[in-house]
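Notes for the one structure printed next.
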Amino acid sequence: MKLILLGPPGAGKGTQAQRLQETYGLIQLSTGDMLRAAVKAGTEVGKKAEAIMARGDLVPDEVVVGIIADRIEQPDAKKGYILDGFPRNVAQAEALDKMLAGKGTKLDAVVELEVDDKILLGRIQGRAAQTAGGPRADDNADALAKRLKVYHEQTAPLVAYYKKQGVLKGVDGMKDIDDVTRQIEAVLGLGAKKGKLA
Ligand code: ADP
């Protein structure tokens, strides 16, 4: 199964992707996590991405498309994965469609976590306070404002893009974590399949 989790920063994509990974064995592929690892390791990609990420802008499409193209070729991704943080604009979505078509496959579903902007700042501040080793460079009010602006301008159009493809499923991301997980399982028809997916 190949899924995308879509939603604004702080919507809970990472939390839900981890749960799906644990329960169903789907691999979570988070471009944000991969880029942060690259920054930490001081790779060329990391050097290119660090300042861009800290201010809440998008890293160039060719960088993230390249990262995802390599990652989905790995053996552990053969049977399925959850994309978290990618694609983030229409150009990335088109690149992904092309990549999948080239392999004779396509997305099973895109799950949108619907959350009002009003509650996101509180969530991000909560995460900043809880992050071991100190807050992320972009978990502050200024960078969040930028990330939200970028989300609405560049990422939100993907809702219409995937609706048109007939793969979009919406869930209420403002409910508690367990409830959101149950909603995702329901829209994906996963209820009775725990542990059976790969
Ligand atoms: P969040 O979902 O909380 O905004 P992420 O961890 O997904 O955070 O991403 C953090 C930052 O990493 C983004 O603001 C952006 O700079 C960069 N990034 C992650 N994924 C992408 C992507 N697909 N395209 C461009 N930049 C990305």
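Consider a paramagnetic label point 7 Å from the Cα of Arg55 along Cα→Cβ; state which residues of the range 128-164 have an amide N under 17 Å from it.
137-151
Which residues' amide hydrogens lie under 5 Å from the amide hydrogen of Leu6, considering only partners 5 or more residues apart or on another chain, with H built in the peptide plane?
The list, which skips near neighbours in sequence, is Val111, Glu112, Leu113.
Could you pull out every residue, at least 5 positions away or on a different chain, whose amide H is within less than 5 Å of the one on Ser30? Hs are placed 1.01 Å off N in the peptide plane, and Pro or chain starts have none.
For Ser30, whose amide H was placed from the backbone, the distant partners under 5 Å are Asp84.
Work out from phi, with θ = phi - 60° and the Karplus expression 6.51 cos²θ - 1.76 cosθ + 1.60, the ³J(HN,Hα) of each residue of the range 177-186, listed in order in whole Hz, and give x for Gly and Pro.
Along the range 177-186, the couplings run 4, 5, 5, 4, 4, 4, 4, 5, 4, 5 Hz.
Of Leu35, Leu113, Gly133, which is farthest towards the positive pole of the range 26-138's charge dipole, taken about the Cα centre with +1 and -1 on the beta-carbons of Lys, Arg and Asp, Glu respectively?
Gly133
Determine the gain in length on full extension of the stretch Ala41-Ala128; use 0.36 nm per residue of separation and subtract their C-alpha separation, reporting nm with one decimal.
29.2 nm
Whose amide H sits under 5 Å from the amide H of Tyr81, counting only residues 5 or more places off or on another chain, with H placed in the peptide plane?
Placed amide hydrogens put Lys2, Leu3, Ile27 under 5 Å from Tyr81.
How far apart, in nm, are the 7 Å Cα→Cβ label points at Val159 and Ala91?
So the label points at Val159 and Ala91 sit 2.4 nm apart.
In debye to the nearest 20, how big a dipole does the chain give about its Cα centre with +1 on each Lys and Arg Cβ and -1 on each Asp and Glu Cβ?
In debye, rounded to 20, the chain gives about 360.
For the range 81-174, what relative contact order do you get, as a whole percent, if you take Cα pairs closer than 8 Å and at least 6 residues apart?
46 percent
How large is ³J(HN,Hα), in whole Hz, for each residue of the range 65-82 in order, when computed from phi with the Karplus curve 6.51 cos²θ - 1.76 cosθ + 1.60 and θ = phi - 60°, using x for Gly and Pro?
3J(HN,Hα) across the range 65-82, in whole Hz: 5, x, 4, 5, 4, 5, 5, 6, 7, 5, x, 5, 9, 4, 8, x, 7, 10.
In sequence order, what are the phi-derived ³J(HN,Hα) couplings for the range 93-102 according to the Karplus relation 6.51 cos²θ - 1.76 cosθ + 1.60 with θ = phi - 60°, rounded to whole Hz, with x for glycine and proline?
Calculated HN-Hα couplings, in order: 5, 5, 5, 5, 4, 5, 4, 5, 4, x Hz.
How large, in Å, is the range 9-149 by the Kirkwood hydrodynamic radius built from its alpha-carbon pairs?
16.2 Å
None of the figures in this text is laboratory data; all of them are computed from the coordinates on show. These numbers come from a predicted model, not from an experiment. Cβ sites come from the backbone with ideal geometry, for glycine too, and all protein chains shown count toward neighbours.
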